[in-house]
Amino acid sequence: MELVLFALWFFAPAGVANSSPVFANKIPFLKNLGMPIDRGRTYKGKRILGDNKTYRGFIAGVLSGFATALLQMNLYTSFDWFTTVSPDIDYSQPVVLLLGVAIGFGALFGDAVESFFKRQLSFSSGKSWFPFDQLDYILGGLLFSIPFVTLTAMQYIAIIIVWFLIHPVATFIGWNLKLKDKPI
């Protein structure tokens, strides 16, 4: 159970960052940032990322990774219980904010890389590509966390399993809330 709690706690900035573009898409004053990151460009005759990878989503994701880390820092310094969830990482240090940004950025970067391959393999936008749709943000977030922390093999495995299982549940909830077009 300790590893599950650690996985939820440590990787929360990535989970929030990965889901925030869906919410940012619904905020009217952010509509001007809805331009696709690839600006419609193609590679080998196919879109690089597609219309769903926007500046708005990327900025919202990175900022929400930062905000989540800021919340973690405040919880860690205010409630002793949170020090037991992540005993090897001192969340009272400002570097945690950079870790949150890095993990959030990494989650979105991983999602963008996976999107590139989906476009090159002619997957239609929004079509599921199991298990890569569930792993892309996890592997990206973990990759970008490396300069800040070294985790144990069991911690990495726990993060991958826990967040792999959370992804389809969160997607289904988003679909029920009419935030996503497809249930999984």
Mean residue ellipticity (222 nm) of the chain, computed from DSSP H runs ≥ 4 via -39,500 (n - 2.57), nearest 500: -21000 deg cm²/dmol
Rounded to whole Hz, the Karplus (6.51, -1.76, 1.60) HN-Hα couplings of region 128-138, x for glycine and proline: 6, 9, 6, x, 5, 4, 8, 9, 4, 6, 5
Residue-normalised accessible area of region 66-127, expressed per residue, 1.4 Å probe, Å²: 51
Unit charges on C-beta of K, R, D, E only; dipole of the chain, Debye: 1200
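Given 0.36 nm per residue, what is the gain on full extension from ASN32 to LYS127 after removing their alpha carbon distance, in nm?
31.6 nm
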Calculated log10 I(q)/I(0) by the Debye sum over Cα atoms at q = 0.10, 0.17, 0.18 Å⁻¹ (choose from (i) -0.53, -1.08, -1.17; (ii) -0.40, -1.09, -1.20; (iii) -0.39, -0.97, -1.06), label: (ii)
Ordering of 30-37, 65-72 by burial proxy (mean other Cβ atoms within 10 Å per residue, highest first): 65-72, 30-37
5 angstrom amide H check on THR54, placed H, neighbours 5+ away: ILE37
Proximal charge balance of ALA158 [Cβ under 15 Å; K/R count +1, D/E count -1]: -2
The chain, relative contact order [Cα under 8 Å, separation at least 6], %: 26
Estimated FRET transfer efficiency (THR152, LEU71; beta-carbon r; R0 35 Å; 0.05): 0.90
Gaussian network model of the chain, Cα within-10 Å springs - most flexible of ILE27, ILE161, ILE48: ILE27
Listed residues ASP111, ASP80, ASP38, most fluctuating in the chain (Gaussian network, C-alpha, under 10 Å): ASP80
Charge sum, other residues only, whose C-beta stays under 15 Å from PHE148's C-beta, Lys/Arg counted +1 and Asp/Glu -1: -2
For region 87-162, size of Cβ-based charge dipole, Lys and Arg +1, Asp and Glu -1, in debye: 280
Residue among GLY15, GLY40, GLY61 with the largest mean-square fluctuation in a Gaussian network model of the chain, springs linking Cα atoms under 10 Å: GLY40
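How high is the FRET efficiency from PHE164 to MET1, r the C-beta distance, R0 25 Å, rounded to 0.05?
Approximately 0.90, to the nearest 0.05.
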Protein accessible area in region 107-157, 1.4 Å probe - carbon and sulfur %: 75
Cβ-derived FRET efficiency at R0 35 Å, LYS44 paired with LEU98, nearest 0.05: 0.45
³J(HN,Hα) computed for each position of region 22-29 - Karplus, 6.51 cos²θ - 1.76 cosθ + 1.60, integer Hz, glycine/proline x: 5, 6, 4, 4, 8, 8, x, 6
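The values are calculated or read from the model by the stated rules, or taken from the named source; none is laboratory data. Model, not experiment: these values are computed from the prediction. Counting neighbours? That spans all protein chains shown, and the Cβs are built from the backbone with ideal geometry, glycine included. Quick note on the areas: whole protein, heavy atoms, side chains included, nothing else; ligands and nucleic acids left out. Shrake-Rupley method; radii C 1.70, N 1.55, O 1.52, S 1.80 Å.
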